[in-house]
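The values are calculated or read from the model by the stated rules, or taken from the named source; none is laboratory data. These figures come from a predicted structure and were not determined experimentally. Positions of Cβ are backbone-derived with ideal geometry, glycine not excepted, and every protein chain shown enters the neighbour counts.
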């Protein structure tokens, strides 16, 4: 009976093919051995909505296989060496390095395209590739693209890229060499360390008989030189640091790419030496380049910023600016989902979950995280609830940064001590009631008794504000009474202040604890003591806002989300912006160029039809890129139609006034309106999304009109990382009252982005019958706005709130 060796592999076709090469070698040399391939999905395979550097961590493609080796579920594992971390565990050494396949990077074009289109979008999530290609193609832009080879090739065809970059080795092993459009020499684009080499891993001391069979000495020398260089510079498979070693007889020539994070500069140097000194060569080149180019690399910077008490409208302009500029956001539990939704895409998020009595990460660890991220050259936004220097331990973080020489700024935030009472209708000072206010912490150091100067506090003729004092409420009330304060002094508990879930309890000092238990007060909450508490009902201004207490999730495309959010916030709603789709211009767009050129050469009436404001914006940008003179397009015989008032207003911004805007803002109504207004056999050009509504075309064709559908942009599903998890939790707890949808694509994007959400519990407000029909497919409870406009959607939401 043959001995069975189980080799672990990732699930992709390429990984299995590569593992199959090792399998063939073993079975050909050892006839008494049968090899089984065991596949598994790794962390890097599962998370595809973020780049590897955004996911963070090491060993994203190997951890699961390593554990399977340790558990004895597999005997060997096979990896692309370039995907392995630089530190290999002692108990799982690399047994062998395969003969190297072509190490070069290559360009792949969409089908039918013969060369790179200048000004196009190149798909790559590798910072190493992007840095080097930016020098070769300064006119191109770069956009992330993740997934296995087949997934990336599909995205290349579907998502408007003019090219993508892959490793030649993988394509050749898959027999897909024919799709390669251009090879880059290893001098033009230095490959990742180990690119083209397979690594066979085993438990320490096992399967040594296979090492001689599988190992290629030249590949081993090259791999050790390249990986020593990258390791010495603290790089990894997600780092832009790169190296390529060329072995010629007994000599090794190593080329290294050094990256300086502070200014994103990069430099290339070479070194030569004997093959037997491969690792030493890598370390030596790294040391020389570090000394030459790394001296001016400063540390990063930290902003210690207050995010306010919860309402995103209270966020300062400076904090919003820092959100845009930061590389890393380190945030607490008190940062609301509404505020988190304002953070732009592409940021690294680190949750440190501090709340009184429940610390996800200890303060000492938070300090070290701040230091580590800043020393890596990153711009760090430390986002804290309220104000960072008001009982937020911001001073301790500042001390830590100052001691290590890390540049930092403190950005004040609106403190809950003032904002929460104001939202509850309580002024902390009033000339008839209190001429001072005093902010006191109600939280003692862990393991220590709280010691407050109750006698001094009881004598103050001002408002007392206790933060983080809910668990000590009884002690605080009794302490003040025993110190001589009148037990009938008005007191209040304000829960979740400035948010849509805000609650207020007004009582007296002697009854507050009992009343709070009946009220089932939850944190975060603050305690107020003083005569001003009696003014709460009189000054209760937030209850007059028609949408106060309503939490709304908006799913308009990212480019459109702000206008709706502003309107809803003005009416008192708490708004979480979660654009479930983003729009991407289809460029280059030869069909648009051909269509516009033909307008002046054709006789008879012609119509340009726009179905969204984004379509108008995209059309004008593409007109400029085509260098198309507006006078050659908007001729006397050309008429214009817009699906709704918002689209019509966008056209007016460019000096174009629509000839037709239907009374009902939907695709079928637009088609019917054009069919009535257009002359027989008119040419109708639809300038819209690639995934445009099917309801627009039938009325036009029924009227005998000539329809040309010209896609100018496409919608792409957009995932939101950590925000996604926050929203799933809020929806499960019933904290989201309404979700807005403006198109069928936003519904699909929402469901795809939040697969765990119970859609049957969603109260959806939709624009148009088609959007509503899509929402109903998923069992949502649907309300439809009368018109396809922000104003109409807001009116529908107000109507629901009144009822």
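When residue 685 is tested against (1) farther than 30 Å from residue 118 by Cα; (2) crowded, with 18+ Cβ neighbours inside 10 Å, only condition (1) is not met. Taken over segment 315-328, the residue count meeting the criterion of being surrounded by 17 or more Cβ atoms within 10 Å (Cβ to Cβ), closer than 15 Å to residue 378 by Cβ and out of contact with any helix residue (DSSP H, G or I) (no Cβ under 7 Å at 6 or more places or on another chain) is 4. Considering only segment 416-425, I want to know if a residue exists there that is part of a loop (DSSP other than H, G, I, E, B), outside the structural domain of residue 361 (by the TED database) and either surrounded by 13 or more Cβ atoms within 10 Å (Cβ to Cβ) or touching a residue at least 12 places away in the same chain (Cβ under 8 Å) (or both). Checked against the condition, which is being part of a loop (DSSP other than H, G, I, E, B), outside the structural domain of residue 361 (by the TED database) and either surrounded by 13 or more Cβ atoms within 10 Å (Cβ to Cβ) or touching a residue at least 12 places away in the same chain (Cβ under 8 Å) (or both), segment 416-425 yields at least one hit.
Criterion applied to 85, 93 was being under 27 Å from residue 245 (Cβ atoms), surrounded by fewer than 21 Cβ atoms within 10 Å (Cβ to Cβ) and within 27 Å of the chain's Cα centre (by Cα), and the one residue passing it is 85. Give me the residue from segment 390-408 that is outside any helix (DSSP H, G or I) and within 30 Å of residue 436 (Cβ to Cβ) and, out of that set, modelled with the highest pLDDT. Of everything passing the filter in segment 390-408, 390 is modelled with the highest pLDDT.
A quick yes/no check of all residues on (1) free of Cβ contacts under 8 Å to residues at least 60 places away in the same chain; (2) touching a helix residue (DSSP H, G or I) at 6+ places or on another chain (Cβ under 8 Å):
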residue	(1), (2)
592	no, yes
602	no, no
621	yes, no
634	yes, no
644	no, no
652	yes, no
656	yes, no
661	yes, yes
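So is residue 428 within 19 Å of residue 535 (Cβ to Cβ), part of a helix (DSSP H, G or I) and in contact with a strand residue (DSSP E or B) (Cβ under 6 Å, 6 or more places away or on another chain) or not? Here the answer is no, as residue 428 does not meet what is asked. When 635, 626 are screened for being in the same structural domain as residue 680 (by the TED database) and farther than 15 Å from residue 712 by Cβ, only 635 passes. Put simply, of 684, 674 the only residue that is modelled with pLDDT of 95 or more and part of a helix (DSSP H, G or I) is 674. Of the residues making up segment 620-669, those that are more than 31 Å from the chain's Cα centre (by Cα), more than 23 Å from residue 692 (Cα to Cα) and assigned to a helix (DSSP H, G or I) are 630, 631, 632. For segment 550-563, a residue qualifies if it is at pLDDT 90 or above, out of contact with any strand residue (DSSP E or B) (no Cβ under 6 Å at 6 or more places or on another chain) and not in a loop (DSSP other than H, G, I, E, B), but none of them does. Evaluating residue 566 against the criteria (1) surrounded by fewer than 19 Cβ atoms within 10 Å (Cβ to Cβ); (2) modelled with pLDDT under 90; (3) within 23 Å of residue 661 (Cα to Cα) leaves one unmet condition, (3).
Quick check: is even one residue across segment 216-234 more than 16 Å from residue 97 (Cβ to Cβ), more than 33 Å from the chain's Cα centre (by Cα) and free of Cβ contacts under 8 Å to residues at least 60 places away in the same chain? Scanning segment 216-234 turns up no residue that is more than 16 Å from residue 97 (Cβ to Cβ), more than 33 Å from the chain's Cα centre (by Cα) and free of Cβ contacts under 8 Å to residues at least 60 places away in the same chain. Every test in (1) touching a strand residue (DSSP E or B) at 6+ places or on another chain (Cβ under 7 Å); (2) modelled with pLDDT of 90 or more is passed by residue 54 save one, and that test is (2).
For residue 44, the conditions (1) crowded, with 21+ Cβ neighbours inside 10 Å; (2) in a helix (DSSP H, G or I); (3) at pLDDT 90 or above are fulfilled apart from (3). Where strands (runs of 3 or more DSSP E) sit wholly within segment 703-803, those with at least 2 residues that are surrounded by fewer than 17 Cβ atoms within 10 Å (Cβ to Cβ) and in contact (Cβ under 8 Å) with a residue 12 or more places away in the chain occupy 706-717. Screening segment 101-190 for strands (runs of 3 or more DSSP E) wholly inside it with 2 or more residues that are in contact with a strand residue (DSSP E or B) (Cβ under 7 Å, 6 or more places away or on another chain) and crowded, with 21+ Cβ neighbours inside 10 Å returns the ranges 105-108, 121-123, 163-167.
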